[in-house]
Amino acid sequence: MRRFLDRLYLAAAIVAAVCLASIAVVMLLQAGMREAGLLLRGADDVVSWLCAASAFLALAYTFREGELIRVSLLLERLPPRARRPAESACLVAALLVVGYATWAVSGFVYDSWQLGEVAQGLLQIPIWIPQTSLVIGLAVFLVAVLDELVAHLAGRKTAYQAAQDARRAAADFSSEL
């Protein structure tokens, strides 16, 4: 199960990276075509959908790598005895928030699909297609938060803490600037 979850988080991150690279390709293509007097219709729509997809699909991986903004600044200042329950409370709160966001966005996308909504830009495609990346990203993020909560409650070190410890051991304090 651990290997499957790690591959899931990595796969979502790779798709997010592909979305970022695709943004660059579309923008360069648009700029090049503009110089040639041609128009790349819908480029702005595609870039905005890719931007949203890259942000949401990267959530789980960046969370587990300790790259998302967390409350560690506050937690590290707590006495060791209070730190563990506070971390548990933060993970439970994160699970509830991400769970609600996943549920709400899923309902929104389902409504778009059910109503047959079409994008309002130059590209007239069903809007649920690009919106699905948000649901997938949030669902994978929800699994990652639950994964970390279970690890924490079982007394194991969370992945984000292990990543932070590895950076400190390597004298890499770039994430703390």
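In terms of the ratio Rg/(2.2 N^0.38 Å) built on C-alpha atoms, what value belongs to the chain? Don't skip to the end; give the middle numbers.
Working: Rg = 19.6 Å, N = 177, 2.2 N^0.38 = 15.7 Å.
My calculation over the Cα atoms of the chain gives 1.25.
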Original post:
Can you name the helices of the chain, as whole DSSP H runs, whose Cα span along the helix axis is 18 Å or more and whose Kyte-Doolittle mean is not below -1.0?
Top reply: 2-35, 43-57, 80-115, 128-153
**OP:** Grab the Cα-Cα distance for Ser22 and Phe4, subtract it from 0.36 nm times how many residues apart they are, and report the gain in nm with one decimal.
**Re:** 3.8 nm
Subject >> Net +/- balance of residues flanking Pro130 in space, Cβ distance below 12 Å, scoring K and R +1, D and E -1 >> reply: -2
Original post:
Which residues' amide hydrogens lie under 5 Å from the amide hydrogen of Val118, considering only partners 5 or more residues apart or on another chain, with H built in the peptide plane?
Top reply: Ile127
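What number, in percent, do you get for the relative contact order of the chain if the mean sequence gap of Cα pairs under 8 Å and at least 6 apart is divided by its residue count? Each step should come with its number before you reach the end.
On the way: 163 pairs, mean separation 51.2, N = 177.
In percent, rounded to a whole number, it is 29.
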Subject >> Segment Ala55-Leu146, length gained on full extension (0.36 nm per residue, minus Cα span) >> reply: 30.8 nm
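Can you compute the charge dipole magnitude of region 102-177 about its Cα centre, using +1 on each Lys and Arg Cβ and -1 on each Asp and Glu Cβ, nothing else charged? Give it in debye, rounded to the nearest 20. Each step should come with its number before you reach the end.
On the way: 4 positive and 7 negative charges, 46 e Å.
Result for region 102-177 is approximately 220 debye, rounded to the nearest 20.
If you count only protein heavy atoms with a 1.4 Å probe, what accessible area per residue comes out for region 100-177, rounded to a whole Å²? Kindly include the intermediate steps, with their values, before the conclusion.
Values: 4600 Å² over 78 residues.
I get 59 Å² per residue for this part.
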Original post:
Using helices alone, what [θ] at 222 nm do you get for the chain, with -39,500 (n - 2.57) per DSSP H run of 4 or more residues, divided over all residues and rounded to the nearest 500?
Top reply: -25500 deg cm²/dmol
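The values are calculated or read from the model by the stated rules, or taken from the named source; none is laboratory data. What you see is a predicted model; the values in this text were computed from it and never measured. For neighbour counting, all protein chains shown are included, and Cβ atoms are generated from backbone atoms with ideal geometry for every residue, glycine included. Please note that ligands, DNA and RNA were not included when accessible areas were found on the heavy atoms of the full protein model with its side chains. Shrake-Rupley method; radii C 1.70, N 1.55, O 1.52, S 1.80 Å.
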